[in-house]
1. Being part of a strand (DSSP E or B) and surrounded by fewer than 12 Cβ atoms within 10 Å (Cβ to Cβ) is the filter here, so list the residues in the stretch 32-68 that pass it.
2. Which of the residues spanning the stretch 69-123 are touching a residue at least 40 places away in the same chain (Cβ under 8 Å), in a strand (DSSP E or B) and acidic (Asp, Glu)?
Amino acid sequence: MRLEKKAVLLTLIMSLVVLMYPSQTFAAESQNSITISPINEELSMKKTITSMNVPEDNTLSWGTVRGGASDYVERYPVIIQFYKDDAPVHVAQVDVKGDGSYEYKFRVRNIDNNTGEVIDIFEGQYTVKIFRVIHNQNDVI
């Protein structure tokens, strides 16, 4: 029963895994897809797929992908991949903090110092895939 509670808690945490900060740029929590694939007898790969929408009228410079504290394996980073129309556009690797959380900040828009022109780095709908190594949750693989 305790393992089931952990799985439910982990699922709830991961359903909030991708948050864009501030709220003008956001990820759709309702479209999360989580799969867990065994690597070996002790470890599994957890893949979370969610969506991110950067509005056309966005005025903010930064976005953030965050994951709440949960099961993690030390020395294995989190890999975050951004796709637009099924084409990869950005990949990041971030370390997991001691409490199992992680955070990745990235530029959504930039300003050219020479011309003052605003450059939108991210705009529109994206698929975000997040990979992290976790301990196996079941005794049987």
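1. Across the stretch 32-68, the qualifying residues are Ser33, Thr35, Ser37.
2. Asp120
No value in this document is a laboratory result; all are computed from the given coordinates. Keep in mind that what you see is a predicted model, and the values were worked out from it rather than measured. Because the Cβ atoms are built from the backbone with ideal geometry, glycine has one as well, and the counts that use them run over all protein chains shown.
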